[in-house]
Amino acid sequence: MDHQRWCRASEVIGRVRALANKDRHWKKWPLDINDVVKEVTALVQREMDSHQVSLRLELTPAVPMILGDRVHCRQ
């Protein structure tokens, strides 16, 4: 595993641990939940294709921003 991937994996693990431990020190950022849903959909697209699953998204436009951690939301 190259250094960049290792660092990214370490960051994800750290954030998941903070969430599991209910660590109040993890940073929250304004997020557009529609963007997060689209990102997760892209991440699982190959798996959906391999199982012949189709997905139709009906996202509400202009939803209010939420405070959260993008990695936590993806998990």
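Quick note: the coordinates plus some simple rules give every number you see, no bench work behind them. This one's a predicted model, so the numbers in the text were calculated from it and none came from an experiment.
Values as computed for the structure displayed
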{"quantity": "Phi to ³J(HN,Hα) by Karplus 6.51 cos²θ - 1.76 cosθ + 1.60 over the stretch 68-74, Hz, x for Gly, Pro", "calculated": "x, 10, 4, 5, 4, 4, 5"}
{"quantity": "Sequence-distant residues sharing a close amide H with residue 68 (under 5 Å, placed H)", "calculated": "29, 31"}
